[in-house]
Structure formats: structure tokens, C-alpha cells
2 protein chains.
Amino acid sequence: MPQSDAGLDPAQEQGLVEAWDRAAAPAARRLMIAAVEAFAARGYHGTSTRDIADRAGLSPAGVYVHFASKEELFYRITLVGHQQTLRSALEAEAASGPAASAAERLRAVVAAQTAFEARHHTTARVIEYDLPCLSPEHFIEVNALRRQITAVVRGILADGVKSGEFDVPDVDGTALALLSMVTDVARWFPANSRQTPEQLGRLYADLALRMAAPHGTRAADAPGH
Amino acid sequence: MPQSDAGLDPAQEQGLVEAWDRAAAPAARRLMIAAVEAFAARGYHGTSTRDIADRAGLSPAGVYVHFASKEELFYRITLVGHQQTLRSALEAEAASGPAASAAERLRAVVAAQTAFEARHHTTARVIEYDLPCLSPEHFIEVNALRRQITAVVRGILADGVKSGEFDVPDVDGTALALLSMVTDVARWFPANSRQTPEQLGRLYADLALRMAAPHGTRAADAPGH
DNA sequence: ATCCAGTGTAAGCAATCGCTTAGCTCCGGT
DNA sequence: ACCGGAGCTAAGCGATTGCTTACACTGGAT
């Protein structure tokens, strides 16, 4: 299996934050988990700090022992979430081997990212769709991570075009469309689908290859599957 | 141009609601426009009724002359927006002619919907991403319209598969992925792109055909373009 | 002339918001 | 034995929330 869980605890697969920073105070982690659930259900502005405190089993003031503000709590979540997402993409690309074709790398990255969005759909929904609630400075910082993720996909497409492996007239536009497709999984998963994250990853990887492959050269299946 | 503006005022293309219900009280329309702008900028929960009233040039109480509640104002926006979106899809499909191939219909619908999301990105952002803020009953009603839009795409894909025109192993999953791609335009347009809505529509229609076309049968260009 | 429905505002209500303050308990270091 | 900081809470601050009430103005029908 090329795209690994990268150290995630399989018993806690439904959240990203749960697995992060095991050294931090347990209450701080509980707060982040509680905040992710609340933000995913009602959005940033729709969630009160009392909601979060309740879910974490703390009094309203307990939040501010560990985080300076609601926005900082949200910022920590989005930062960790985006770091994990970027790491997942880079690891998937690296795992396909140093001599991998552009097609193999595209398949690995799209499958990994799609499965990631599905597995961690609660956290992903928060960090994908509530980003404008960040302070301007924090937004810029997190957005830089997003650009790196886009750059990975764009790089693979460009490499494939250069080598003649792909036929992509608009690399930037196609990369954006491709990531839209992948990202949006977090919004609807697991409704409308009885598929596992891995099955979904394979489907989306196939679709991505169809988008990039030149006329009459489409690979029907992944090498090694 | 197969996908028409369907009666939209070209001078007010940036919003959906502006063109709707010209018989309604002007203040009610102003409120809907103001609410769309505010919701798009800050989200439903991030927007106060005083924000909306200010933008519409009314006192805070003026909102409740025309709408029973903030939720009802939001509901009217989402309802009208989804009706227009569905109408746009149906008209695009119909405009491709009664004897059109599945490929022609897919191209027409995807191009029209993509251009629509781009042109009306402010309204689209509100009605696509803040939907869970609706009351349960209103959510069910609007969601029924969404399912009709999905059904259009799914129907075209299924027809193409049946006639041998398409090769789509997972019609439902592909339709969902395709609509994710199209819908997500509203979230980032017009940033990251110097393309017009029409150019973007052509790019996305090409990508959609690549996703659906069987091995070695991809049409490089639209018939008639 | 009078009325009345439609459109609007000033003022304010109860509730909730993010966050602070003052003070408690607990526990490891000395 | 005693200290000091970390973790937590009860209480509450001022601001803002969605919305209501009471009242004013307008223009057309009677």
C-alpha cells in the first residue's frame, strides 16, 4: 500500500488533531478535538467558546488556560491540519519511488489525498471551509501551506507534460480543478457514498489520470494493483 | 453561444438575486443583495442583521418589515439561487438539441454550470457552503433541488454508458466528483485565475469529457467551436 | 376628510457572545 | 513545613446578538 497512514493511530482515524502533539497537555488536546467537532458541525462563528468547553468537559474559562483566544485555538487546528495534509501529499509522492513516472506519482498523490480527506473529513471540513475566519496574518501563513500542496500537483502535471507522458493544455487550471474535486470530498463524505476512503482514492486517482493522459494512452489500472 | 444568460441582466451579472422577482418590493431586493454580499464575506453566523440592514440602507428593524427572520431571508436566497442553478442546467441540456449526443450534452451542461458558478460566484458561495445553516425543513426542500441537479449529470453519464459513448465504471461517484469540481469554482473565483467564466467553462467541459470518454475516443474540441 | 395598509424608525428587551478577574485546589521542589 | 506555579472554576464584565414594541409617515381608496 503506497499511501501509508504515516503514524496515525488507526483507532483514532476519524480526526487529525487527535494524533498530533502527544506531549501537549491532555486538556489542550481535548479542547482541540472538541473544537474540531463543534466547528465542523456549526462553523467557526456558529460555535461558542462555551460549546467547546462543554464538549471538552471544562468550564467556559478553562479554554483560556490553554489558548489565548478562540481564534488561536482555530489557528492551531488549521495549522496542524494543513501540515499533516502537506506531509501526506509529499510522502505519497516520495513513496512512489525516485524513478516513478508522472502517472504513478499523480495516482499516488491523488489517491492519498482523497483517502485523507475522507478519513479525516471532520477536521478537513473545518480547515478547508472556515479558513477566512482566521486573522489576516494567520490566514497568510496557512495559505502558504495550501500553495505548497497545489505546487505538488502542478509539478507532477508539468513534469508529465514535459516528458510527453501527459497532455494538459492548462496545467494551472487542471491542477486547481483536480484539487477542487479532492478537497470537496470532505464536505459530503461519508453521505452519498458507501465506499471506503481507499476505494474513493482509487476512483479519484483514475479520474485524475483520465484528465491528464493524452488521447489514447490512458492506463486502465495502476501498476502493481 | 449555447448556454444563454437566461434573462439575466448583463449589467448585474455578478449576482443571482438581483435579477429575480422584479415585481417584489425594491427594499426586499436590496435586502437580499445586501445579505448575499454579507453572507459571502463573513458567512451566515458571522453576519448580523444590523450588517445587512446597513448595507441595504435601512434601520435594524427594517429587515423584519420584509422578512420574518434572518433564517427566512437566507432561505429565500438559497431557494432562488438553487432554482436558477437548476434552470441553467436544464436549459443548457435542452439547448444542445433533442438529438444531441451524450458528449454534447455533458459539454453543454458542464460549461454552463461552470460559467454560472464563476459569474455568480458571490451568490454561489453563499448557497453552496452555508447550507447547513438552514432550518431542517428548509434544508430538506433546498436539498431536493440539489439532487435534481445531480440527477441531470448522472443521467447524461448513464445515457452515454448505455449507448457506448462513455466509459464510466462508477456513474454516481463520477457525477459527484464532476460536480465537486464545478461547484468549487465559486469558492476561489476570480482569484488564481485570469480566465473569463466562459473560458473556464470550456476548460471544465473538456476535463469532464476526458473523465467520461472511453479509451482513445476523446474529442479534442467541441463540435461547432 | 378620513381611513388604512404598507413602509419605515427609535428604543429597547432578553439572551448570548468572547473574554477577564479573583480565588480555589493540587502537587512537586526545597 | 512551606512555597509557588499550573490547572481550573464561579462569577461577571461590556458588547453584541436576533428580534419586538410602539409609534410616525406616506399615498391612494372611500
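The values are calculated or read from the model by the stated rules, or taken from the named source; none is laboratory data. Note that the coordinates shown come from a computational prediction; the quantities given were computed from them, not determined experimentally. With ideal geometry, Cβ positions are generated from the backbone for all residues, glycine too; neighbour counts draw on all protein chains shown.
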Exercise for the section: Confirm whether B:Gly57 is free of Cβ contacts under 8 Å to residues at least 40 places away in the same chain, within 9 Å of DNA strand C (Cβ to nearest atom) and of a type outside the set (D, E, K, R). Expected result: yes
Practice task
Report, by residue number, each residue of region A:137-174 that is within 14 Å of chain B (Cβ to nearest Cβ), basic (Lys, Arg) and surrounded by fewer than 16 Cβ atoms within 10 Å (Cβ to Cβ).
Solution key: A:Arg147
Handout entry: Test for B:Gln113: is it surrounded by fewer than 23 Cβ atoms within 10 Å (Cβ to Cβ) and either polar (S, T, N, Q) or in contact with a Gly (Cβ under 8 Å, 6 or more places away or on another chain) (or both)
Key = no
Practice task
Read through the list (1) of a type outside the set (A, V, I, L, M, F, W, C); (2) part of a loop (DSSP other than H, G, I, E, B); (3) crowded, with 22+ Cβ neighbours inside 10 Å, then give the number of the only condition that B:Gly81 fails.
Solution key: (2)
Fill in the blank from the handout: Taking region B:139-162 and keeping residues of a type in the set (Gly, Ala, Ser) and under 14 Å from B:Leu106 (Cα atoms) leaves B:Ala151, B:Gly155, B:Ala158, B:Gly160
Practice task
Please go through region B:28-71 and pick out each residue that is farther than 28 Å from A:Leu134 by Cα, surrounded by 14 or more Cβ atoms within 10 Å (Cβ to Cβ) and not aromatic (Phe, Trp, Tyr).
Solution key: B:Ala28, B:Arg29, B:Arg30, B:Leu58, B:Gly62, B:Val63, B:His66
Completion exercise
Reported set for region B:55-69 where residues are within 13 Å of B:Arg29 (Cα to Cα), assigned to a loop (DSSP other than H, G, I, E, B) and under 26 Å from the mean Cα position of the chain (by Cα) is B:Phe67
Practice task
Check whether at least one residue in region B:175-184 is in a loop (DSSP other than H, G, I, E, B) and either at pLDDT 95 or above or facing chain A (nearest Cβ under 8 Å) (or both), and report yes or no.
Solution key: yes
Handout entry: region B:50-74 - residue that is near DNA strand D (Cβ under 6 Å from one of its atoms) and away from chain A (no Cβ under 14 Å) and, of those, nearest to B:Glu141 (Cα to Cα)
Key = B:Ser69
